[in-house]
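What follows is calculated from the coordinates using simple rules that are stated; it is not laboratory data. None of the values given here were measured: they were computed from a predicted structure. Don't worry about glycine lacking a Cβ; one is built from the backbone with ideal geometry, like all the others, and counts go over all protein chains shown.
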Amino acid sequence: MKIVVAGKGKVGSTLCRQLTTDGHDVTLIDTDANVLSAGVDRYDVMTVEGNCATKRALELANVYQQDLLIATTGDDVVNMLSCLTAHKLNPRIHTIARIRDPEYLDQTYLMQEDFGLSMTINPEKQAADEIADLVFYPGFLKRETLAKSRAQIVELLVDKDSPLRNVTLSALPGRVRCRVLVCTVVRNGRAEAPGGNFMLKEGDRIFVTAPTDVLPTLLKNLGITTRKVRRVMIAGGDRIGFYLAKQLLANNIAVCLIDNDENRCHELATLLPEADIICGDASNRELLNEERIKDTDTLVSLTGMDELNMVISMYGSAGGVPQVITKLSREENSRLLYNLPIGSIICPRRLSSDTIVTYIRAMQNQQGAALSMHTIADGQATIMEFAVNESTRHLGVPLKDLHLKKNILIVAITRAGVTTIPNGSTTFDKGDDMVIVTGDDVIVRNINDIFD
């Protein structure tokens with residue numbers, strides 16, 4: 001496909017890497033010549049210097065022949081105007097705009113057709129939703145909902161006290177006493193697709209697939225105490241902090257939000273009258289102690305600096321905060337930090353990139369395309385969900401008789417509303433939903449791409 005990425009910010013950079021890896025023809029538009037030069041050096045892209053909202057820049061990017069425009073600049077208005085102009089020049093083009101300002105969200109939904117918008121993304125809102133999901137369901141480092149909420153892939157840490165330490169996967173069912181599947185293990189920063197003889201070690205991060213109704217049993221049998229979160233401390237009052245605090249307050253969870261910008265604190269106090277808004281440095285230990293960090297159920301570090309977020313989270317972990325969540329803007333950092341006590345890691349740009357790539361793959365293959373896609377294991381593995389249809393190969397064939405491509409695993413099948421963890425005798429048929437996990441070296445655009 002021919003794709004224009006307008007604005008090489010954090011989301012744009014991630015998209016350029018993903019889209020060129022998938023073999024798309026990418027044209028990058030930006031006003032900064034240095035940014036364009038860096039894009040050429042790192043990725044196989046064409047470049048256009050200019051304002052992506054102007055007819056001139058879009059024509060230089062050959063908008064008439066493009067299939068998709070993704071506007072990810074830091075200005076919502078420029079993104080909307082870019083999509084509108086592109087659609088007027090090429091009515092068949094698909095457009096995706098990043099819209100971050102809450103005030104614009106409602107009207108973009110109302111005027112989506114007028115603006116020529118195929119989809120809007122909001123990285124901050126997506127990140128807040130992801131964090132809220134972890135807060136509402138404590139006990140996991142990460143949690144992805146699949147199969148219309150009937151299945152989950154959750155991330156757990158094997159620590160020194162875990163009953164999973166030194167247990168082989170073949171012995172796992174007897175230990176957890178429920179039907180689950182370990183689909184990926186991250187050890188020393190590297191993701192592996194484990195077999196039955198794989199032994200779990202202290203420090204491993206494991207990704208477990210299970211039907212949603214099995215998760216409480218899994219937690220109970222692992223000795224992980226579930227608790228109701230009553231108080232959350234948020235370090236950083238940006239848009240993610242605002243969206244998150246709003247959700248938590250709506251669910252009767254007390255919020256203490258700390259930010260060092262006095263004007264922003266006044267604004268937040270007006271927008272969130274039920275929250276405790278503290279103006280100060282969230283990395284100051286005395287301030288954190290004064291604000292009762294030890295009485296906090298969850299600490300969320302959302303400042304604009306990855307390094308500061310890590311320091312705050314490590315202090316919270318050392319102080320015994322039961323749940324710690326850390327935002328990292330640079331995803332490459334997460335692979336280096338697997339052994340640091342910073343809890344769950346959230347990367348907003350990766351969430352948005354996954355959403356966009358899912359849309360693109362659906363454009364390529366209207367039949368058999370992925371219904372959803374999520375990146376796990378620090379970007380080294382991908383969860384994809386497909387609907388099985390009449391054109392799917394090997395209908396009714398037991399899984400043990402199939403030849404799948406290397407580093408592909410079928411982890412869940414939903415039939416008539418019931419999700420099961422498959423075994424060798426399981427089959428799939430038209431109307432089923434199938435969840436797979438792939439390594440980062442495998443490109444799967446269509447359900448039939450999983451077969452060797």
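Picking from L81, I413, S353, whose Cα lies most toward the positive end of the charge dipole for the chain (charges on Cβ: Lys, Arg +1; Asp, Glu -1)? Of the candidates, I413 comes out farthest on the positive side. Look at the dipole of the chain built from charges on Cβ: of Q18, V324, P194, the Cα furthest out on the positive end belongs to P194.
Using the rule -39500 (n - 2.57) for each DSSP H run of four or more residues, divided by the residues of the chain, the 222 nm mean residue ellipticity is -9000 deg cm²/dmol.
Computed over segment 345-399, the percent of Cα pairs more than 15 Å apart is 56. Going from the residue with the fewest nearby Cβ atoms within 10 Å to the one with the most, D354, D41, D159 rank D41, D159, D354. Sorting the Cα pairs of segment 1-63 by distance into bins of 10 Å, from 0 upward, gives 25, 60, 15 percent per bin. All distinct Cα pairs of segment 51-159 go into the 1/r average, and the inverse of that average, the Kirkwood radius, is 15.9 Å.
By the Stokes-Einstein formula, at 0.890 mPa s and 25 °C, segment 204-321 with its Kirkwood radius over alpha-carbon pairs has D equal to 158 µm²/s. Counting only DSSP beta bridges with both residues in the chain, tell me the antiparallel percent, nearest 5. Here the antiparallel bridges make up roughly 50 percent for the chain. By the count of neighbouring beta-carbon atoms within 10 Å, fewest first, T326, T108, T217, T414 end up ordered T217, T108, T414, T326. Here, segment 224-267 yields an orientationally averaged convex hull projection of 3.6 nm² when only Cα atoms define the hull.
Using a cut-off of 23 Å between Cα atoms, the listed pairs K142/K201; K10/K125; K8/K405 include K8/K405 as exceeding that distance. Arranged from fewest to most other beta-carbon atoms within 10 Å of their beta carbon, R231, R393 become R393, R231.
Comparing G174, L288, M305 along the charge dipole axis of the chain, the residue lying farthest to the positive side is G174, per the Cβ-charge model. Note on the chain: with charges restricted to the Cβ of Lys and Arg (+1) and Asp and Glu (-1), its dipole about the Cα centre is near 1500 debye.
Magnitude of the charge dipole for segment 169-261, about its Cα centre and with charges confined to Cβ atoms of Lys, Arg (+1) and Asp, Glu (-1), is about 400 debye. With no solvent and one point on each alpha carbon, what is the Debye value of log10 I(q)/I(0) for the chain at q = 0.05, 0.07 Å⁻¹? Taken in order of the listed q values, log10 I(q)/I(0) reads -0.19, -0.38. Note on segment 381-440: with charges restricted to the Cβ of Lys and Arg (+1) and Asp and Glu (-1), its dipole about the Cα centre is near 180 debye.
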